[in-house]
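The values are calculated or read from the model by the stated rules, or taken from the named source; none is laboratory data. In this text the structure is predicted, and so the values were computed from the model without any measurement. Here the Cβ is made from the backbone with ideal geometry for all residues, glycine too, and neighbour counts use every protein chain on show.
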């Protein structure tokens, strides 16, 4: 479809305005992190600081047993990486099983899994917590890593990708003497790598940004990831908005770097979600 020059200008203008609106909170947070607390809570709104200061970052990075920001940062990195690896293993095997293995009730079980997507995840909050507490996993990394290992949407995405792989490839491998594991390892797995890359990116970002579930199962300061840990920066009796803003920007850095270096894979994710392989 060909658009006129005027139409393109209108579309570009609308997108530019939306881009400015979406970027403004981040720009405001960056400048706010260099303001003093008195300047932040003042009634006069000014985007640029009147007096630039690094006190918020000094307070953030100072050695503090109650708010160990760098330990939270490391905890988030460990949790997100381990959950991503676990999800890739579970999702790839599940997608292969739901497409290539023949067993009674396979399609009914998969449809049941899809039906669970209709319920909000908050309904599982209390049952999941009871399970984690019974297993003795509270305040451990396992409490955050394991529950997110088998996301239904990820299984559905990779399964749909595997469905498009011709069965003739499996039959050729069987003729060569390959078993089920070898077919999965040497035939299917290399072909679904684009889909697994998309799953890995979204899993890592989801695990890094998760706030509700870690806040429920983690109360130990030393095991907290950075996202729920930021709430402790507010203080018990006083709120320090500059320090909280600086901590939020610190937590945002890995996601920005991930997007910069993996932008083409995010674009590929949009294509996969649109049904294009």
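Listing for the model above:
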item	result
Odd one out for residue 156 among (1) free of Cβ contacts under 8 Å to residues at least 60 places away in the same chain; (2) surrounded by fewer than 16 Cβ atoms within 10 Å (Cβ to Cβ)	(2)
Scan of the range 126-151 for residues that are closer than 26 Å to residue 221 by Cβ, touching a residue at least 60 places away in the same chain (Cβ under 8 Å) and under 18 Å from the mean Cα position of the chain (by Cα), ordered by number	141, 143, 144, 145, 146, 147, 148, 149
Residue that is modelled with the lowest pLDDT, among those in the range 137-158 that are under 17 Å from residue 225 (Cα atoms) and assigned to a helix (DSSP H, G or I)	148
Matching residues, the range 193-223, being touching a helix residue (DSSP H, G or I) at 6+ places or on another chain (Cβ under 9 Å), touching a residue at least 24 places away in the same chain (Cβ under 8 Å) and not in a helix (DSSP H, G or I)	210, 218
Residue count for the range 189-206, restricted to those that are more than 30 Å from residue 123 (Cβ to Cβ) and crowded, with 21+ Cβ neighbours inside 10 Å	1
Test: residue in the range 160-171 that is at negative phi and within 22 Å of the chain's Cα centre (by Cα)	yes
Leading residue by the ranking (surrounded by the most Cβ atoms within 10 Å (Cβ to Cβ)) among those in the range 161-186 that are in contact with a helix residue (DSSP H, G or I) (Cβ under 8 Å, 6 or more places away or on another chain) and farther than 14 Å from residue 99 by Cα	173
Residue 187, sole failed condition from (1) closer than 30 Å to residue 225 by Cα; (2) part of a helix (DSSP H, G or I)	(1)
Qualifying residue in the range 82-99 (condition: farther than 30 Å from residue 167 by Cβ, surrounded by 14 or more Cβ atoms within 10 Å (Cβ to Cβ) and modelled with pLDDT of 90 or more)	yes
Filter result (surrounded by 10 or more Cβ atoms within 10 Å (Cβ to Cβ), in a helix (DSSP H, G or I) and modelled with pLDDT under 85) within the range 1-30	7, 8
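Residue by residue, here is whether (1) surrounded by 18 or more Cβ atoms within 10 Å (Cβ to Cβ); (2) closer than 21 Å to residue 128 by Cα; (3) modelled with pLDDT under 90 holds:
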residue: 208; (1), (2), (3): yes, yes, no
residue: 222; (1), (2), (3): no, no, yes
residue: 230; (1), (2), (3): yes, no, yes
residue: 234; (1), (2), (3): no, no, yes
residue: 237; (1), (2), (3): no, no, yes
residue: 241; (1), (2), (3): no, no, yes
